[in-house]
1. Under the condition of being hydrophobic (A, V, I, L, M, F, W, C) and part of a loop (DSSP other than H, G, I, E, B), which residue from the range 10-32 is nearest to F230 (Cα to Cα)?
2. Could you check, for the range 100-118, whether at least one of its residues is at pLDDT below 80, buried (at least 16 other Cβ atoms within 10 Å of the Cβ), part of a loop (DSSP other than H, G, I, E, B) and not aromatic (F, W, Y)?
3. If I ask for residues that are in contact with a helix residue (DSSP H, G or I) (Cβ under 6 Å, 6 or more places away or on another chain), closer than 22 Å to H29 by Cβ and part of a loop (DSSP other than H, G, I, E, B), which ones from the range 53-90 would you list?
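The values are calculated or read from the model by the stated rules, or taken from the named source; none is laboratory data. Keep in mind it's a predicted model, so treat the numbers as computed, not measured. With ideal geometry, Cβ positions are generated from the backbone for all residues, glycine too; neighbour counts draw on all protein chains shown.
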Amino acid sequence: MVSILRTGCIEARNSFGAGKAFSIAADRHNSVCLTETPLSELERMTKSKDPRPWGIVFDKERLRKRFGAQPVWYLSDASPEFNAVKAAMRAGEKDPDAPIWSLTPFIENVRSIGSQYPNDWRWEREWRVRGDLFFEPNDVKRIILDTGGTPRILEEIDMWVPWAIPGKQPATWSGGYPRWEDSVERMLDRFSSQYSTPDEAGAFWDKEDGAYLYLHGEMVDLDEAMDDVFGKMDTELRDELYDELSSRSDVWCRADASWASEPDLD
């Protein structure tokens, strides 16, 4: 969660929805899943077989307006409604622009717990956002923490937001939300802990070839270094970080690399 809050991105790593098995539209089904579970029911989520003792709370209407979030529509397997969806998918299986593919990421078929392949998550009151979810600090309305990881998380993210621990009375911090500038300073420190400029790393500048020489380690361009440290992130935040880092150097060395201070001239 610390990484998500620092980068402002929840990655859509998995595909969901009724049409995910159709190769023609498979890429449309990578989604970020969210739940409308009330704070009073958090323990049901955190004490499940797959416990999730932390989370980020967003405003539902803000997600709908900014990111196209939609509630998941659960249809009973073999019902007339789901049969209609299956017919529309078969009709569009050779047309990537068929309208049905805009709906299927938000449709699931419900199969009873006693069936051979059970699928019934209606209690989660699920919402989804297609693709990666990029957010800003002021999009975060509350964070959910477990008692064990709370001190470390609060120390690392330094965000003034309300927070709650499942099973306990929700707590609220006073104060406002930090601007991106606050995040940028922390992220620059994180980058500098892993990468150095060639001059800082002690690389030798070869005037003849117009390039740095090094004996050990790896030198990469700025884009690659940023991808390594931060992964995907909000475009505006990435641009701000890029402007600052590119003013220092266009190429970067891994901070733990062993660089020669100068070549042997003998």
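1. First, pick out the residues of the range 10-32 that are hydrophobic (A, V, I, L, M, F, W, C): 10, 12, 16, 18, 21-22, 24-26, 32.
Right, trim to part of a loop (DSSP other than H, G, I, E, B) and you get 12, 16, 18, 21-22.
On the way: A12: 16, F16: 25, A18: 32, A21: 31, F22: 32 Å.
Only one residue tops the list, namely A12.
2. no
3. A69, V72
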